[in-house]
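Working notes, structure below.
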Amino acid sequence: MIPWRRRRRGNADAPGTESVRWAYRLFLDREPENERVLERGYPSTAILRQAFLLSEEFRQKNRDLMFDFPCWVIKETKYGFRLWVALNELAISRGVLMDTYEDAEAKFVSSLVRPGDHVIDAGANIGFFTMLLAGAVGPGGSVRAFEPLEYLFDALTRSTAENRFESRVEAHRVALSDMPGTARLRHAPSTTNFGGAHLVAGGETPHGHEDVSVPMEPLDAFLDERRVAFIKMDVEGAEPRLIRGARALLERDRPAILSELHDPQLRAVSGVSATEFIGHMRELGYHCFALEKSRRGRALTAYAEDRPVNVLFEYR
């Protein structure tokens, strides 16, 4: 099935049904399965092209064009650290390989974190921000990284050793939430996106997905004498639950927080909208700001778009 989003009315740049029909012919060598799929609108020809080129059907029919071997390699990044990445993963590893991954966010973090700081990476994945933060805090600082999914945690710890950051990085294979216990983590192990693992309450596991049991802890369980200056959190919709489990830390240290906001995922995992989450953070004294050209930009009091966005929460 080809990824798509509905075309907004009045978007003159959106390709029409004949463009979609020809995309099937040119990229997939076949006619559309029915006329209804031609109405799956794409905002632009660039997004139409990307959707077909990244589809599983195109990839299977054009293996000779794919550079996505199922293996891990070391990439030396433009930031000076080395990272284990997967050649067949597109959402994170491919961007790291091209030195384009989260570029604005990386520059912002590098300008904010200082040598000697103690910081937290919640939802570390393969460790891009963990390594970036470890370089920024230097030997006098520390990074506590949290990643519950085993194969991502393994990549994280391998990159920590590769950069000889063992003395400044603590890696914990736990999911952060508002209470201790065991969590059900759902992920899609055979896809080209390592960034979609999220907490679920139950229900039938969708096709192509896998549910694993992981330990769960509140962030306050890791509270010690170190004052936390900065938190990066990207926990796929569990951000409000993480914050509820970090109240003591937030009240004591007031760290700056770089967070993802993804309205549909927040609703699914935590039962709150992005706008409601911004309001909850405001009650804790935190104001929300958009990132604009690697800097703190305009204040946000609401966010309702479907696409995820990274924002800064700052105590005022």
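Taking the chain as the reference, fit the longest principal axis to its C-alpha atoms, fit the long axis of helix 17-28 to the helix C-alpha atoms, and give the angle between the two in degrees, 0 to 90, nearest 10.
80 degrees
Taking the simple approach of a point 7 Å from Cα along Cα-to-Cβ for both Leu223 and Ala91, what is their distance in nm?
Roughly 3.2 nm, to one decimal.
Name the residues whose placed amide hydrogens come within less than 5 Å of the amide hydrogen of Val235, ignoring near sequence neighbours (fewer than 5 apart) on the same chain.
Those lying under 5 Å, H to H, from Val235 are Glu260.
Quick one: helix 103-112 against the long Cα principal axis of the chain, what's the angle to the nearest 10°, folded into 0 to 90?
Computed tilt is about 10 degrees.
Please give the FRET efficiency for Asp211 paired with Leu53, using the beta carbon to beta carbon distance and R0 = 30 Å, rounded to the nearest 0.05.
Details: r = 30 Å, r/R0 = 1.01.
With R0 = 30 Å, the Cβ-Cβ based efficiency is 0.50.
Rounded to the nearest 5, what % of the DSSP beta bridges within the chain are antiparallel ones?
On the way: 29 of 50 bridges.
Once the DSSP bridges in the chain are tallied, antiparallel ones form about 60 percent.
Mind checking the angle between helix 274-283 and the chain's longest principal axis? C-alpha axes, 0 to 90 degrees, to the nearest 10.
Approximately 10 degrees, to the nearest ten.
Once you have a ≥ b ≥ c as the square roots of the Cα gyration tensor eigenvalues for the stretch 25-158, tell me rounded if a/c is under 1.5, and otherwise prolate or oblate according to whether a/b is larger than b/c. Kindly include the intermediate steps, with their values, before the conclusion.
Values: a/c = 2.88, a/b = 2.25, b/c = 1.28.
It comes out prolate by the Cα gyration axes.
Tell me, what is the FRET efficiency for Asn62 and Asn34 to the nearest 0.05, using R0 = 22 angstrom and their Cβ-Cβ distance as r? Don't jump to the answer; show the numbers that get you there.
Details: r = 23 Å, r/R0 = 1.07.
With a Förster radius of 22 Å, E is 0.40.
Short version: ³J(HN,Hα) in whole Hz for each residue of the stretch 128-136, in order, from phi by Karplus 6.51 cos²θ - 1.76 cosθ + 1.60 (θ = phi - 60°), x for Gly and Pro, what are they?
4, 6, 4, 5, 4, 5, 4, x, 6
Within the chain, how many lysine pairs that are 8 or more places apart, or on different chains, have C-alpha atoms less than 26 Å apart?
9
For Ala175, list long-range residues whose amide hydrogen, built 1.01 Å from N in the peptide plane, is under 5 Å from its own amide hydrogen.
It is Met216, Glu217, by chain and number.
Could you derive backbone 3J(HN,Hα) for the stretch 230-242 from the dihedral phi with the Karplus parameters 6.51, -1.76 and 1.60 (θ = phi - 60°), listing whole Hz in sequence and x where the residue is Gly or Pro?
Result, ordered by residue: 7, 10, 9, 10, 9, 10, 6, x, 8, 4, x, 5, 4 Hz.
If I take every Cα pair under 8 Å that is 6 or more residues apart in the chain, average their sequence separation and divide by the length, what percent do I get for the relative contact order? Show your work: numbers first, answer last.
Numbers: 611 pairs, mean separation 37.2, N = 316.
Computed over the chain, the figure is 12 percent.
With +1 on each Lys and Arg Cβ and -1 on each Asp and Glu Cβ, and nothing else charged, work out how big the dipole of the chain is about its Cα centre, in Debye to the nearest 20. The partial results should precede the final answer.
Numbers: 43 positive and 46 negative charges, 174 e Å.
For this selection, approximately 840 debye.
Rounded, prolate or oblate: which fits the stretch 82-156, taking a ≥ b ≥ c as square roots of the Cα gyration tensor eigenvalues, rounded meaning a/c under 1.5, else prolate when a/b beats b/c? Kindly include the intermediate steps, with their values, before the conclusion.
Details: a/c = 2.32, a/b = 1.39, b/c = 1.68.
Oblate, since a/c reaches 1.5 and b/c is not below a/b.
Let a ≥ b ≥ c be the square roots of the eigenvalues of the Cα gyration tensor of the stretch 72-315; is it rounded (a/c under 1.5), or, if not, prolate (a/b larger than b/c) or oblate? All intermediate terms of the calculation are to be shown ahead of the outcome.
Values: a/c = 1.28, a/b = 1.04, b/c = 1.23.
Rounded, because the longest to shortest axis ratio a/c is under 1.5.
No value in this document is a laboratory result; all are computed from the given coordinates. Predicted, not measured: the structure shown is a model, and the values here were computed from it. Backbone-built Cβ (ideal geometry, glycine too); neighbour counts: all protein chains shown.
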